[in-house]
1. Restricting attention to segment A:193-212, which residues are in a loop (DSSP other than H, G, I, E, B) and surrounded by fewer than 20 Cβ atoms within 10 Å (Cβ to Cβ)?
2. Report, by residue number, each residue of segment A:138-158 that is surrounded by 24 or more Cβ atoms within 10 Å (Cβ to Cβ), free of Cβ contacts under 8 Å to residues at least 60 places away in the same chain and either at the interface with chain B (Cβ under 7 Å from one of its Cβ atoms) or not in a loop (DSSP other than H, G, I, E, B) (or both).
3. Scan (1) surrounded by 20 or more Cβ atoms within 10 Å (Cβ to Cβ); (2) more than 14 Å from chain B (Cβ to nearest Cβ); (3) assigned to a loop (DSSP other than H, G, I, E, B) for the single condition residue A:180 breaks and write down its number.
4. Quick one: residue B:40 ticks every box in (1) more than 11 Å from chain A (Cβ to nearest Cβ); (2) touching a residue at least 60 places away in the same chain (Cβ under 8 Å) bar one, so which box is it?
5. Of everything in segment A:213-223, what is in a helix (DSSP H, G or I) and in contact with a helix residue (DSSP H, G or I) (Cβ under 9 Å, 6 or more places away or on another chain)? Give them in sequence order.
6. Checking residue A:28 against (1) within 19 Å of residue A:247 (Cα to Cα); (2) surrounded by fewer than 18 Cβ atoms within 10 Å (Cβ to Cβ); (3) more than 17 Å from the chain's Cα centre (by Cα); (4) touching a residue at least 12 places away in the same chain (Cβ under 8 Å), only one condition comes out false. Which one?
7. So if I check each of B:75, B:120, which one is under 21 Å from residue B:289 (Cβ atoms) and under 22 Å from the mean Cα position of the chain (by Cα)?
8. Considering each of B:189, B:223 in turn, give the residue that is surrounded by fewer than 19 Cβ atoms within 10 Å (Cβ to Cβ) and not assigned by TED's automatic domain parsing to the domain that holds residue B:137.
């Protein structure tokens with residue numbers, strides 16, 4: 001059990017703020033990409049990389065590292081932002097997002113970016129990778145943990161539940177899945193497009209330990225991470241209630257910010273709110 | 001002639017490989033008794049995982065295991081491995097260039113009585129269109145075993161197409177199997193047969209019959225559909241001037257198409273494609289189905305006669 005100190009929380013909050021600023025800047029530069037879901041995920045991803053996970057930017061393939069699989073791969077900007085912030089590659093590289101020849105593809109490519117653990121983006125597949133990695137960890141008697149993050153729209157994919165079944169069947173208590181429950185998908189509110197609700201009951205029925213938190217409250221995120229470490233014999237799902245576009249008032253909870261990048265004036269306005 | 005199903009050779013070779021290499025992990029989707037991964041599962045229970053009836057997640061788990069350093073052999077029937085899980089093979093395995101060998105059994109119409117819903121006649125076409133993916137269709141048990149050893153050493157994803165029924169053994173144990181290199185089994189200058197899988201043994205029988213008529217054929221076992229052996233294909237086009245392809249697969253997109261692509265771009269000669277003529281299969285015994293869809297020695301002989309007429313025009 002790691003102690004949740006005010007200092008630790010101050011660090012992750014500051015990192016999340018920096019990441020959000022870089023997300024806005026790189027998307028503004030790219031002119032396209034997924035803004036809302038990158039911002040909703042920022043606090044959890046910041047806590048993972050700056051409080052929870054053992055990773056080494058100087059040695060990205062260290063066999064004993066913890067692993068994070070961004071199953072909602074369209075939120076690539078949040079992953080690039082945290083990896084740059086952590087030192088896997090220079091922050092300046094973020095400007096090349098989505099340009100020809102750049103390692104920073106529209107969706108994460110593990111073969112091009114150090115620190116990216118899985119090539120994801122086609123929804124539903126990342127959680128299966130995470131199950132495979134957790135299984136390998138068990139086989140090799142390694143103590144590393146595997147984290148994945150799903151979108152709440154993403155869990156409409158049937159494959160997610162195949163993976164959820166397998167994770168419980170193989171008792172993968174080294175696996176933790178966050179659901180970034182921001183309530184919106186491309187075509188509208190999740191319960192209007194194809195309701196995945198109630199999400200906690202579904203994971204519980206599939207044999208997972210389930211926690212519900214405010215996905216922007218760093219103490220709650222850290223407490224969930226601590227709590228999952230005490231669970232034995234089954235994986236943990238954290239249903240994180242979040243706000244799409246969190247941090248930029250004019251984007252918050254607005255479906256039109258799913259797959260749109262901010263224009264120059266909007267970048268300015270957003271950055272002014274993220275001081 | 002001794003016979004062995006390629007899936008049986010696969011199951012045995014997998015156990016051999018498992019004894020030699022600790023990093024091998026095998027996955028199956030509730031078909032281990034049919035795909036023959038069951039023997040590996042019994043011998044190495046800690047390195048076998050049943051994904052249940054969930055092929056998509058099986059491919060995703062394979063990706064995760066491979067990303068963590070395992071060499072994964074994932075099995076199901078061809079219709080599910082290449083069909084149901086196509087996009088997982090494409091995005092999770094091939095796009096990420098991972099060390100996963102998809103070993104698909106029960107390919108083609110020789111699935112037999114289960115019928116058209118289970119007879120994959122499109123898998124070669126689908127799989128060979130995916131970048132990074134090596135596609136192998138062995139013709140007998142011996143070459144299946146060799147292919148498996150080569151695929152273990154090969155870095156990257158592969159699709160190995162295996163069958164249900166017993167096939168004649170063509171090779172001796174010391175045969176040389178190289179990915180990307182067809183094997184010339186017979187030499188002749190009148191025409192060439194390029195075949196894969198179950199059709200190779202039939203092509204050899206047909207060549208024997210035609211030789212008695214004074215027609216000399218080259219016969220190549222083109223087990224490596226991708227990368228295709230371009231050198232041997234072009235040189236046979238030059239030497240013989242007429243080619244027949246034979247596969248237990250649709251004539252669209254498979255070996256026949258791959259050969260036509262190479263021949264038409266490099267040395268155009270008449271090519272006749274034998275295979276399933278853009279229809280689905282149906283129930284029947286494997287032998288009845290091969291007869292019904294015209295995948296027989298007699299039909300090869302007839303087609304060579306037709307082909308030679310085209311050549312002389």
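The values are calculated or read from the model by the stated rules, or taken from the named source; none is laboratory data. All values reported here derive from a predicted model rather than from experimental measurement. Glycine gets a Cβ as well: all are built from the backbone with ideal geometry, and neighbour counts include every protein chain shown.
1. Residues satisfying the conditions are A:195, A:197, A:198, A:207.
2. Scanning segment A:138-158 gives a single hit, A:155.
3. Evaluating residue A:180 over (1) surrounded by 20 or more Cβ atoms within 10 Å (Cβ to Cβ); (2) more than 14 Å from chain B (Cβ to nearest Cβ); (3) assigned to a loop (DSSP other than H, G, I, E, B) leaves (3) as the failure.
4. Looking at each condition in turn, residue B:40 falls short on (2).
5. A:218, A:219, A:221, A:222 - these are the residues of segment A:213-223 that are in a helix (DSSP H, G or I) and in contact with a helix residue (DSSP H, G or I) (Cβ under 9 Å, 6 or more places away or on another chain).
6. Condition not satisfied by residue A:28: (2).
7. Being under 21 Å from residue B:289 (Cβ atoms) and under 22 Å from the mean Cα position of the chain (by Cα) holds for just one of B:75, B:120, which is B:120.
8. Only one candidate qualifies: B:189.
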